[in-house]
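Data first, discussion second: the structure below is written as structure tokens.
The values are calculated or read from the model by the stated rules, or taken from the named source; none is laboratory data. Predicted model only: the values in this text are computed from it and were never measured. Virtual Cβ from ideal backbone geometry, glycine too; neighbours counted across all protein chains shown. In case anyone asks, the SASA skips ligands and DNA or RNA and just uses the protein heavy atoms, side chains included. Shrake-Rupley method; radii C 1.70, N 1.55, O 1.52, S 1.80 Å.
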Amino acid sequence: MELRLLGVLTVRRGGEPLPLPGSRKVRALLAYLALAPQPVPRSQLCELLWDLPDDPRGELRWCLSKVRRLVDAPGRARIFTREDSIGLDLSDCFADALEVARAAGEGIGRLAPPRLRELAQLFTGDFLEGLEIERSPLFSGWLTAQRRRFRGCHAALLEHLVGKVPDDEATAYLEKWLELAPFDRHVHELLLGSLVRRGRVREGEEHLAAAARLFEAEGLDGAPLREAWRAARTQEALVLSIAPEPSPAPAATRRASIAVMPFADRSATPPERGGPADALAFDVITRLAKLRSLFVIAQGSVFALHERRIGAEEAGRMLNVEYVVSGSVRRQSERLAVTVELAETRSARIVWAETFNHKLDEALAVLEEIGNRIVASIAAEIEMIERNRAILRPPSSLDAWEAHHRGLWHMYRFNRADNERARHFFQMAVRLDPTFSRAYAGLSFTHFQDAFQGWAKAAPEIERAHEFAMQGLMADDRDPAAHWAMGRALWLRGEHGQSVAELERAVALSPNFALAHYNLAFVHSTAGDATAAISASDHSRELSPFDPMLFGMLGTRAMALVRLERFDEAAQWAVKAAARPNAFPHIRAIAAYSLALAGSLDEARAYAAAVRKAVPGYGVADFLAAFRFDAQGAALFRKGAQRIGMAP
């Protein structure tokens, strides 16, 4: 069986089209179940398709009977029920939309031209073309979202085809891409470049004039198009050894760019503008901007595009950003459900998605908590993507942003060789951009590691950590990462109070900066307020549950519990910390000493053996020199070390 959704809905068996039921709701139900990732509750299907019918479940049963006749075969029932939910099993069928969605999830950029061509040819029209249903607002909202999603996938397929096939073949794909995304600056730039290379300068001039008028009529800046045309002609002149026009000044160092679209309100009775959906989007925009690591499109632009009913995928291309966030808010009875997606604009790949479902005891508190988690998750996902992308680039081709993220990739390995490699890339980043505060923070961190891990003489490394943290603050005093680096450096210098003040400043600048909360926990766990350390550690993990520094977040909680003499709990958390793949010997030592204090001596000795295998001769003196506990904490950890023979 074949199910075609990218165009007019069609069902084929054995290559022959089947007659479809006349009811639009039967066809809509079939399409909705086909795309549902899991069985859908009957109540949700009733609410989706019927506007207060007399017997919604009866109507649903009737529609399901029609769908069964269409998709089931002798000995093969594709519609199935699970408790009070309904699903559609298409595992042995071909569904064009599912093929495209699967490719987008795996990464369109990885596909070879033949597969890209196959997928692009599946689009014979808009998703479920002509299948609008009156008085079904939830279905209409879903249909609009899916059409935007697949239009974005189609544009991404065409974009990657254009980059992988010869100019002659690419022209048709450029023209189709231009139809789908007339305000995507990148397609205009590629088309102008193609026209120049083929000597069709007059056509290029005409296209530039028309495109600039189109952009400016929509309130968009046409100057980048003119610059792209000038750059394309300059490049062609260089190829032909003709004297080029003067080159433009180099662009400022880039940051990853993101647009957060206003969230759709899916409530049964949507409120006026300015309700929870708008408030949440505004909050996420503001908080992301405070991180200072991303270029965030301002609220006015994204809300203006939303008012013109431009979806997230198209808006991302119009705004020429690398990432776009979209979502919805639904308030029903006493609960608030928020769904959110982070997608790569150019590949249409959803890189992170989550649903938050909260009891609506206090609306503002719930929105605050959800906003915190959204922002922290988005920042962490983008940083991971950028790190992984940078590690694949040749070192000689890196810009400052990429060099910084290449440094982060090595930094989070937590061994001496990678620490040196990280420092090399952070130094490259500050050479390329002396105003890049986060690169200075990274440099400070590498020197902190040299001192903390005992990889070099402590005194000069402590001063270098402080020096680079200071340079980061001079580059950007509002960057929370610069204050984070300074807080760590001051702790190394024994300036506990000033360290706490800098880390609290980082939190004040960006309440969603998980590493600042973690380092507050770290400082308090060694010599400050142990209870505050536990709270800060928990909050850092809530903000970033898959953080590369998760071993530290868990370990600081264990150290704080030791200082509170809650040894059994401390041992449990310390074992979790030591189990993390990038945990280094000091972290495993926390587990050894905590287990010893809890009376689990055999397990403690096993961790001690692992530590000494990695660092021969390691003892409690090395541990206390690194962590600088207060007198009470030092005495407790020394007691644990004595129980397993790691202290005199």
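Using only alpha-carbon positions in the stretch 565-648, the gyration tensor eigenvalues give semi-axes of 16, 15, 13 Å once each is multiplied by 5 and square-rooted (largest first). Shown here for the stretch 49-125: GluC sites (Glu not before Pro) in loop regions (DSSP other than H, G, I, E, B) with at most 10 other Cβ atoms within 10 Å, namely 83. Of the trypsin sites (Lys or Arg not before Pro) found in the stretch 616-648, those in coil by DSSP whose Cβ has at most 16 other Cβ atoms within 10 Å are 628. Taken over the chain, the ratio of Cα radius of gyration to 2.2 N^0.38 Å equals 1.12. Counting only DSSP beta bridges with both residues in the chain, the antiparallel share comes to about 75 percent. Per-peptide packing, taken as the mean over residues of other Cβ atoms within 10 Å, places 596-604, 342-350 in the sequence 342-350, 596-604 from highest down. When Rg and the Kirkwood radius Rh are both evaluated on Cα atoms of the stretch 72-219, their ratio Rg/Rh stands at 1.09.
Using θ = phi - 60° in the Karplus curve 6.51 cos²θ - 1.76 cosθ + 1.60, the 3J(HN,Hα) couplings for the stretch 27-38 round to 5, 5, 4, 4, 5, 5, 5, 4, 8, 5, x, 8 Hz; x is entered for Gly and Pro. Rounded to whole Å, the principal axis extents of the Cα atoms in the stretch 1-46 read 34, 23, 17, largest first. Taking a ≥ b ≥ c as the square roots of the Cα gyration tensor eigenvalues, the stretch 376-416 comes out oblate, since a/c reaches at least 1.5 and a/b does not exceed b/c. For the chain, the mean residue ellipticity at 222 nm estimated from helices alone is -20000 deg cm²/dmol, where every DSSP H run of n ≥ 4 contributes -39500 (n - 2.57) and the total is divided by all residues, rounded to the nearest 500.
In the stretch 413-517, inverting the average of 1/r over every pair of distinct C-alpha atoms gives 13.4 Å as the Kirkwood radius. Loop-resident trypsin sites (Lys or Arg not before Pro) (DSSP state other than H, G, I, E or B) in the stretch 285-333 with no more than 14 further Cβ atoms inside 10 Å of their Cβ: 308, 309. For the stretch 496-648, the Cα-based Rg and Dmax, in that order, read 14.7, 46 Å. Carbon and sulfur: what percent of the chain's accessible surface (1.4 Å probe)? Carbon-and-sulfur percentage of accessible area, whole number: 52. What would the Debye equation give as log₁₀ I(q)/I(0) for the stretch 503-567 at q = 0.15, 0.24, 0.28 Å⁻¹, counting only Cα atoms as equal point scatterers? At q = 0.15, 0.24, 0.28 Å⁻¹ the computed log10 ratios are -0.38, -0.90, -1.14.
Residues in the chain average 44 Å² of solvent-accessible surface per residue, probe 1.4 Å, ligands and nucleic acids excluded. In plain terms, the C-alpha convex hull of the stretch 86-172 casts an average shadow of 7.1 nm² when viewed from every direction.
Full extension of the chain between residue 355 and residue 565 gives 71.8 nm of extra length, using 0.36 nm per residue less the Cα-Cα distance. Computed over the Cα atoms of the stretch 541-606, the ratio of the radius of gyration to the Kirkwood radius (Rg/Rh) comes to 0.97. Relative to the Cα centre, the charge distribution of the chain, modelled as +1 at Lys and Arg Cβ and -1 at Asp and Glu Cβ, gives a dipole magnitude of about 1480 debye.
Considering all C-alpha pairs of the stretch 1-129, those separated by over 25 Å amount to 29%. Scaled against the 2.2 N^0.38 Å expected of a compact globular protein of N residues, the Cα radius of gyration of the stretch 333-376 reads 1.37. Spread over its residues, the convex hull of the C-alpha atoms of the stretch 348-407 is 102 Å³ per residue.
In plain terms, if you count all Cα to Cα distances in the stretch 290-434 and split them into 10 Å steps from zero, the share in each step is 10, 30, 31, 19, 8, 1 percent.
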